[in-house]
Structures are given as structure tokens and as C-alpha cells.
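Down below is the structure, laid out as C-alpha cells.
The values are calculated or read from the model by the stated rules, or taken from the named source; none is laboratory data. None of the values given here were measured: they were computed from a predicted structure. FYI the Cβ positions are ideal-geometry reconstructions off the backbone, even for glycines, and counts take in every protein chain you see.
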Amino acid sequence: MYAESRLLFWTVVVTGSRKNVNDPTLILTLGPRVLDMAKAAIFAPGPVLLAIQALIILCCWPVPFEALSTDNTPVIAGAALQLSMSIGLHVYGTGQDFARSKVDGNQKESLRRAKIWTLCRLICQRYLTRALSLVFGRANRPPSLG
């Protein structure tokens with residue numbers, strides 16, 4: 001995995017380090033470094049499918065933060081969604097017209113891309129709902145337009 005995506009590898013390591021009883025501070029050491037790698041991956045040219053997977057994992061199991069104002073998770077969720085759209089995950093089939101590299105059009109790869117797109121949408125919806133409830137003081141309900 002490391003050879004294919006350093007970000008995905010270190011994201012899995014930092015996520016697993018949450019349960020490390022031998023060194024409970026490992027996540028505090030690795031977390032900021034992995035977040036820096038994630039920020040760099042957002043703007044990196046080339047294939048991004050594995051980076052999107054790493055961003056989704058970081059959204060599901062965010063690294064610890066000191067205050068809500070320093071939580072990067074909503075930004076990472078938005079970046080994952082934007083990257084997904086930029087490579088055509090929102091398009092049924094292969095999305096080759098959007099892809100940065102050659103896309104294998106077989107059924108298994110199409111299903112994989114659809115699953116990643118669905119996860120991106122779910123993660124963004126989760127953070128949008130949370131933001132709306134904080135702004136409007138109501139859980140899971142946007143304001144009435146009428």
C-alpha cells in the first residue's frame with residue numbers, strides 16, 4: 001500500500017494508532033503530519049483515487065483537534081467531494097472524460113468508483129447537517145424557505 005499511496009498508508013496507520021495502548025500519544029504525533037500530507041495531496045497532480053479514499057477515512061475518524069475552529073474535517077470532506085467530481089466519480093460508468101489517467105472500464109472498477117462517490121456524498125451530507133444544526137440550532141433540519 002505504501003508504494004501506491006503514502007497518504008493512504010499513513011492514514012490507516014494513524015487511524016489504527018487510536019487504539020495503541022503501548023503509546024496513546026502516537027496519534028497526537030502522527031496526526032498533524034498526516035493532515036499535512038492530506039493537504040498536499042489535495043493539490044497534487046496525477047491520480048487521486050487513493051488520496052480520496054484516505055480523505056474519506058480522515059473524515060470518518062478525524063485526528064484529535066484542540067478546538068472546533070481548528071477542525072479540518074469539513075474542509076477535507078469538501079475537498080474529497082470536489083476531487084471526486086473532478087475525476088468523474090459522479091458520472092455513471094467510467095468517467096474517462098474527467099479522469100486524470102486511464103480508467104479501467106470493467107464492472108468491478110465502476111462499482112469501486114461508485115462506492116467511493118457514495119461515501120463522499122455521505123460524508124459531506126454528515127458535515128453539512130452538523131453545520132446547519134450549529135448555525136440554526138436545530139438538529140438535522142434546515143430552515144424553512146416559505
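If you check Leu134, Leu81 for being aliphatic (A, V, I, L, M), out of contact with any helix residue (DSSP H, G or I) (no Cβ under 8 Å at 6 or more places or on another chain) and either surrounded by fewer than 11 Cβ atoms within 10 Å (Cβ to Cβ) or at pLDDT 70 or above (or both), only one passes: Leu134. Per the listing Thr29, Thr15, the residue uniquely loosely packed, with under 14 Cβ neighbours inside 10 Å, modelled with pLDDT of 90 or more, farther than 20 Å from Ser110 by Cα and out of contact with any strand residue (DSSP E or B) (no Cβ under 9 Å at 6 or more places or on another chain) is Thr29. Within region 42-71, restricting attention to residues that are within 17 Å of Leu83 (Cα to Cα) and in a loop (DSSP other than H, G, I, E, B), the residue that is modelled with the lowest pLDDT is Gly46.
Filtering Val75, Val21, Val34 for residues that are of a type in the set (A, V, I, L, M) and touching a Leu at 6+ places or on another chain (Cβ under 9 Å) leaves a single hit, Val34. Here the condition is being charged (D, E, K, R), in contact with a helix residue (DSSP H, G or I) (Cβ under 9 Å, 6 or more places away or on another chain), modelled with pLDDT under 90 and farther than 24 Å from Gln125 by Cβ; of Arg100, Arg6, it holds for Arg100 alone.
Restricting Leu26, Leu68, Leu35 to those that are closer than 27 Å to Arg112 by Cβ and either of a type outside the set (Asp, Glu) or under 15 Å from the mean Cα position of the chain (by Cα) (or both) reduces the list to Leu35.
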